[in-house]
Amino acid sequence: MTKIAYVYKQKGTDAAWSSVIAELGVYLCEQDARIRTFRLDNSHRQSLQASRQALVDYDLSTGDILLINHAICFWLLLPLLLRLRRRGVRLVFLFHEHEHILGLGYCLRHLGEIRVKEWLRHIKLWYRIPSWLSEQMVCLSSYQAVVLGRLAFERLSYLGVDVGRFPVCERQQLVNGVGGNAVVLFAHDPARFDKGGRFCSVVSQDPRFSLVYGRDRILPYAEVYKKYHDVDIVFLPSDSESFSLVLAEALATNRCVVTNANVGIVQLLLSSYTVDELASRGLFVCAHSMDGYRDGLERAAAYILSDEVKTHELFSALRLDLPTAFERLNLFIKRIGG
């Protein structure tokens with residue numbers, strides 16, 4: 001019987017947001033007795049060695065399948081993966097949600113703003129080596145493959161949102177009431193240049209808006225949905241988002257969103273909807289500029305006062321719920337594993 005191993009990276013200190021990756025492994029094991037999961041813990045040398053040894057002990061051989069989530073797993077396991085590949089094990093690379101690949105040129109242009117440890121997230125070679133070594137590559141957005149010049153790939157939305165943890169917000173009026181400020185959430189780390197924190201000045205300098213940072217409010221994972229329910233607009237001005245679970249969560253909770261077209265989920269939506277059709281539901285796709293976001297935020301604030309937010313319809317249309325997302329990958333594994 002073909003063995004199938006699923007490897008994902010998760011430190012012992014990782015935040016709860018990454019639990020969806022671990023939950024994917026649990027789901028796959030429940031669906032297929034051939035699958036076993038391996039958590040790669042690089043918290044320290046001993047935990048990393050233990051993770052490697054567990055995979056070695058599984059004794060994969062010719063025809064077996066090793067699914068590897070996250071490029072860093074390739075690099076941490078590289079000598080072992082080369083041996084397994086020579087042995088005839090089939091390597092499958094699953095792109096991670098925050099692997100955006102903006103390129104070395106982007107890092108050099110913003111040398112003073114991007115921390116060196118963030119460079120690997122954007123350098124193409126970091127992903128090209130894993131893609132070259134892999135028999136198959138699964139991307140969350142076509143952008144991840146196109147930027148690497150890879151023509152053969154699978155595009156699957158295999159990560160989703162647990163609607164039990166992120167329920168629809170039924171409130172339609174402004175948090176502060178009619179005539180009050182529209183509360184705008186910037187959910188990402190403002191210290192990350194690529195997340196577009198520099199555009200938050202558009203919000204903070206406008207008296208019609210109140211800006212809140214998601215990082216300033218630490219909640220248990222079961223209560224993270226409150227960050228969305230307690231605001232009017234989710235602001236996502238990233239330079240690039242390969243997929244964006246934040247956007248998926250915002251749509252699941254039926255929040256009004258202001259973002260740009262450099263987001264994987266937005267690109268999926270634009271294949272079925274026009275920009276105006278998205279705006280009519282409460283998702284405003286703007287030019288990636290100060291003026292573009294200023295206009296988008298103004299339109300979003302006016303929309304909330306005059307119309308009903310319907311972004312949850314977009315969530316349902318893409319079927320971004322957790323069971324459906326996981327089942328997409330499960331069906332892919334059955335197809336390649338026989």
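FYI, it's all coordinate maths here, none of it is from the lab. For clarity, every value in this text was computed on a predicted model and none was experimentally measured. All Cβ positions, glycine included, derive from the backbone under ideal geometry; neighbour counts span all protein chains shown.
Less than 5 angstrom separates the built amide H of E241 from those of V263, G264, all sequence-distant by 5 or more or on a different chain. Computed over all pairs of different Cα atoms, the Kirkwood value for the hydrodynamic radius of segment 205-262 is 12.5 Å.
Using the eigenvalues of the Cα gyration tensor, what equivalent ellipsoid semi-axes result for segment 32-93 when each is taken as the square root of five times the eigenvalue, whole Å, largest first?
Numbers: eigenvalues 68, 33, 26 Å².
Taking √(5λ) for each Cα gyration eigenvalue gives 19, 13, 11 Å.
The relative contact order of the chain, computed from alpha carbon pairs under 8 Å that lie at least 6 residues apart in sequence, is 15 percent.
Based on the convex hull around the alpha carbon atoms, segment 62-218 presents an average projected area of 12.9 nm².
Taking R0 as 22 Å, what's the FRET efficiency between T62 and I129 from their Cβ-Cβ distance, rounded to 0.05? Kindly include the intermediate steps, with their values, before the conclusion.
On the way: r = 23 Å, r/R0 = 1.03.
Computed FRET efficiency for T62 and I129: 0.45.
Its Cα centre serving as origin, segment 182-223 has a Cβ charge dipole (Lys and Arg +1, Asp and Glu -1) of approximately 80 debye.
The 3J(HN,Hα) values that the Karplus relation (6.51, -1.76, 1.60; θ = phi - 60°) gives for segment 254-267 are, in residue order, 6, 9, 5, 10, 10, 8, 9, 7, 8, 10, x, 5, 5, 4 Hz. Gly and Pro appear as x. Peptides 51-64, 239-252, 264-277, 105-118 ranked from most to least packed give 239-252, 264-277, 51-64, 105-118, packing being the mean of other C-beta atoms within 10 angstrom over each peptide's residues. Think of it as helices only: each DSSP H run of n ≥ 4 in the chain is worth -39500 (n - 2.57), and spread over all residues that comes to -11000 deg cm²/dmol at 222 nm.
So what is Rg over Rh here for segment 206-338, counting just Cα atoms and using Kirkwood for Rh? Intermediate values should be presented prior to the final figure.
On the way: Rg = 15.9 Å, Rh = 15.8 Å.
A ratio of 1.01.
Taking θ as phi - 60° and the Karplus parameters 6.51, -1.76 and 1.60, the scalar couplings of segment 236-244 work out to 10, x, 4, 5, 6, 9, 4, 9, 5 Hz in sequence order, x denoting glycine and proline.
Counting only C-alpha contacts under 8 Å and six or more residues apart, can you give the relative contact order of segment 171-275 as a whole percent?
Working: 159 pairs, mean separation 27.2, N = 105.
Relative contact order comes out at 26 percent.
Candidates V266, Q173, S142 compared by Cα position along the dipole of the chain: farthest toward the positive end lies S142, with charges placed on Cβ. Of the trypsin sites (Lys or Arg not before Pro) found in segment 176-274, the ones in coil according to DSSP and having at most 14 other Cβ atoms within 10 Å of their Cβ are R208, R217.
The amide H of L40, built 1.01 Å from its N in the peptide plane, has Y8, K9, Q10 as neighbours under 5 Å, considering only residues 5 or more places off or on other chains. All C-alpha pair distances within the chain, sorted into 10 Å bins from zero, spread as 5, 25, 33, 23, 11, 3, 0 percent across the bins. Within the shell of other residues whose beta carbon sits under 14 angstrom from the beta carbon of G180, the net charge comes to -1, with Lys and Arg scored +1 and Asp and Glu -1. Here, segment 272-312 yields an orientationally averaged convex hull projection of 3.0 nm² when only Cα atoms define the hull. Global size of segment 137-228: 17.8, 53 Å for Rg and Dmax (C-alpha atoms, Rg to one decimal, Dmax whole). Short to long, the 5 Å bins of the Cα pair-distance histogram for segment 1-150 hold 2, 9, 18, 21, 21, 16, 9, 3, 2, 0, 0 percent of all pairs.
Suppose every K and R has +1 on its Cβ and every D and E has -1 on its Cβ; what is the size of the dipole of segment 72-179 about the Cα centre, in Debye to the nearest 20? The partial results should precede the final answer.
Details: 15 positive and 8 negative charges, 120 e Å.
The dipole magnitude comes to about 580 debye.
Near C286, the amide H atoms lying under 5 Å from its own belong to T259, N260, A261; only residues 5 or more places off or on other chains count, and H is placed 1.01 Å from N.
Here is the P(r) of segment 88-179: all C-alpha pair distances, binned every 5 Å from 0, give 3, 11, 18, 15, 12, 11, 9, 9, 7, 3, 1, 1, 0, 0 in whole percents.
Normalising the average separation of contacting C-alpha pairs (under 8 angstrom, six or more residues apart) by the number of residues puts the relative contact order of segment 1-99 at 32 percent.
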